[in-house]
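Colleague: Quick one: this structure, given as structure tokens, is what I'll be asking you about.
The values are calculated or read from the model by the stated rules, or taken from the named source; none is laboratory data. It should be emphasised that the depicted structure is a prediction, and the values quoted were computed from it without experimental measurement. In this analysis, Cβ positions are derived from the backbone assuming ideal geometry, glycine residues included, and neighbour counts consider all displayed protein chains.
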Amino acid sequence: MNETAADVAIVGAGVIGSAIAFYLTRRGIRPLVLEKEDPAAGSSGACDGLVFLQSKKPGLHLELAIESRRRFEELAEALGPEIEFRPSGGLCLIENEAELAALRRSIAAQRAGGLSVELIAGEEVRRLEPLVSERILAAGFSPLDAQVNPYALTFALLRAARAGGARLLGGEPVVGIETAAGRVRAVRTPRRRIAVPIVVNAAGAHAPEIGRLAGVEVPITPRRGQLLVTAARPPLLRHGLISARYIAAKFNPELARSGEMGFSLEQAESGNLLIGSTREFAGYDRRTSFEGIRAVARRVLPVFPALASIPVIRTFAGLRPYTPDGLPILGPVASVEGFLMAAGHEGDGIALSAITGEMLAAHIAGDSPRFPLEPFRLERFSTAEAA
């Protein structure tokens with residue numbers, strides 16, 4: 001077995017691991033990124049590209065998202081147009097009075113939390129998006145919602161990190177983490193042993209597997225999302241779009257219990273439309289199902305009837321890393337010195353990638369992150385259980 005060493009090892013070359021590597025190299029730290037398959041082979045290559053703020057619950061989640069969104073213009077400048085960042089604004093579409101009442105509360109709370117967002121009438125919605133049906137009563141609108149190409153973003157971050165001295169080992173799963181006296185000493189792959197004092201678990205839905213290698217239980221569960229991709233068309237949509245049901249369910253428990261799914265819709269620069277998405281606890285099964293895909297199509301067509309004439313060219317599914325409280329797990333783990341978490345973003349990995357990378361890089365470099373890590377640490381779950 002080959003022996004090597006690194007200052008920092010990042011497990012996972014998705015958008016989170018790549019962002020951490022990028023921000024570390026900006027601080028002069030050259031990490032080693034370990035990926036069991038290829039970069040963006042997991043959720044970062046199987047998701048939409050919405051950088052949405054309206055979908056974030058007021059409080060810590062929204063504050064984190066706003067901080068991340070502020071960094072995307074800098075990322076676009078540093079990484080170039082290939083990431084297809086578009087500050088297009090977003091609409092949160094309201095279909096009934098119950099959603100309208102819940103969204104009024106959400107918008108008031110989000111505005112109090114610093115988000116630029118307003119409620120607009122259905123007529124204004126159709127002026128902004130002419131394909132929207134009369135079914136839509138109103139919408140939340142935020143000019144800060146945006147879009148990006150998640151696959152291109154991941155590769156651009158990783159490429160910039162490698163230009164700054166980071167190393168990537170693809171096709172090398174981490175099979176062991178060595179600890180001694182309560183701290184990390186090394187990681188092992190089938191090919192080599194890497195002496196390293198800091199390991200960052202950025203393995204997404206597979207973060208529990210990496211955690212167990214260090215004797216750490218990580219409360220992350222995979223949550224499958226199935227999406228449709230249509231044939232390319234000339235520009236049909238001007239904004240990123242989501243169903244208000246995603247947000248309303250957070251403010252009205254009855255809506256959450258109804259079981260009716262929301263939807264998301266965006267048009268990529270290529271002209272393809274991405275339509276999502278189911279939210280299923282199906283283990284690590286990444287297959288799509290006829291029932292799931294049909295449910296997505298049936299959900300969106302009443303709102304966008306024009307989509308009925310556009311062929312679907314493929315479907316795919318990704319695994320969101322779900323946590324019990326909906327917030328990511330970030331920062332050092334108390335029980336193992338040198339073992340850090342950066343996972344559990346569920347459907348917000350793209351939107352929160354910039355701030356996550358910056359926060360973890362600052363901590364590793366010995367600085368205080370501009371946004372504190374404490375509320376996101378793993379130990380919050382053991383504290384909640386004890387209470």
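Colleague: For residue 348, state whether it is under 20 Å from residue 140 (Cβ atoms), in contact (Cβ under 8 Å) with a residue 24 or more places away in the chain, among the charged types (D, E, K, R) and out of contact with any strand residue (DSSP E or B) (no Cβ under 8 Å at 6 or more places or on another chain).
Modeller: yes
Colleague: If the requirement is being modelled with pLDDT of 95 or more and over 15 Å from residue 146 (Cα atoms), which of these qualifies: 64, 60, 75?
Modeller: 64
Colleague: What residue, of 334, 342, is modelled with pLDDT of 95 or more, closer than 28 Å to residue 67 by Cβ, of a type outside the set (D, E, K, R) and surrounded by fewer than 19 Cβ atoms within 10 Å (Cβ to Cβ)?
Modeller: Sole residue among the options that is modelled with pLDDT of 95 or more, closer than 28 Å to residue 67 by Cβ, of a type outside the set (D, E, K, R) and surrounded by fewer than 19 Cβ atoms within 10 Å (Cβ to Cβ): 334.
Colleague: Sticking with this structure for a sec: Cβ-Cβ under 9 Å, sequence separation 6+ or interchain: first residue in the stretch 266-290 and within 20 Å of residue 131 (Cα to Cα), partner acidic (Asp, Glu) and surrounded by fewer than 21 Cβ atoms within 10 Å (Cβ to Cβ). Which pairs?
Modeller: The qualifying pairs are 268/84; 269/84; 270/84.
Colleague: Is the stretch 230-238 home to any residue that is within 20 Å of residue 14 (Cα to Cα), under 26 Å from the mean Cα position of the chain (by Cα) and not aliphatic (A, V, I, L, M)? Steps first, answer last, please.
Modeller: So in the stretch 230-238, the residues within 20 Å of residue 14 (Cα to Cα) come out as none.
No, the stretch 230-238 contains no residue that is within 20 Å of residue 14 (Cα to Cα), under 26 Å from the mean Cα position of the chain (by Cα) and not aliphatic (A, V, I, L, M).
Colleague: Tell me, yes or no, whether the stretch 179-195 has at least one residue that is surrounded by fewer than 15 Cβ atoms within 10 Å (Cβ to Cβ), within 30 Å of residue 30 (Cβ to Cβ) and under 23 Å from the mean Cα position of the chain (by Cα).
Modeller: No, the stretch 179-195 contains no residue that is surrounded by fewer than 15 Cβ atoms within 10 Å (Cβ to Cβ), within 30 Å of residue 30 (Cβ to Cβ) and under 23 Å from the mean Cα position of the chain (by Cα).
Colleague: At pLDDT 95 or above and either in the same structural domain as residue 350 (by TED's automatic domain parsing) or farther than 29 Å from residue 358 by Cα (or both): does that describe residue 268? Please lay out each step first, then the result.
Modeller: Values: at pLDDT 95 or above: yes; either in the same structural domain as residue 350 (by TED's automatic domain parsing) or farther than 29 Å from residue 358 by Cα (or both): no.
In short, no.
Colleague: One residue is enough: does the stretch 10-26 have a residue meeting the conditions touching a residue at least 12 places away in the same chain (Cβ under 8 Å), part of a loop (DSSP other than H, G, I, E, B) and surrounded by fewer than 24 Cβ atoms within 10 Å (Cβ to Cβ)?
Modeller: No, the stretch 10-26 contains no residue that is touching a residue at least 12 places away in the same chain (Cβ under 8 Å), part of a loop (DSSP other than H, G, I, E, B) and surrounded by fewer than 24 Cβ atoms within 10 Å (Cβ to Cβ).
Colleague: Pull up the stretch 76-117, narrow it to residues that are free of Cβ contacts under 8 Å to residues at least 24 places away in the same chain and not small (Gly, Ala, Ser), then point me to the one that is nearest to residue 54 (Cα to Cα).
Modeller: Looking at the filtered set, the residue picked out is 111.
Colleague: Being touching a residue at least 60 places away in the same chain (Cβ under 8 Å), within 25 Å of residue 266 (Cβ to Cβ) and within 18 Å of the chain's Cα centre (by Cα) narrows it down to one residue among 53, 62; which is it? Explain how you work it out, then say what you get.
Modeller: On the way: 62 fails: touching a residue at least 60 places away in the same chain (Cβ under 8 Å).
Result: 53 is the single residue among 53, 62 that is touching a residue at least 60 places away in the same chain (Cβ under 8 Å), within 25 Å of residue 266 (Cβ to Cβ) and within 18 Å of the chain's Cα centre (by Cα).
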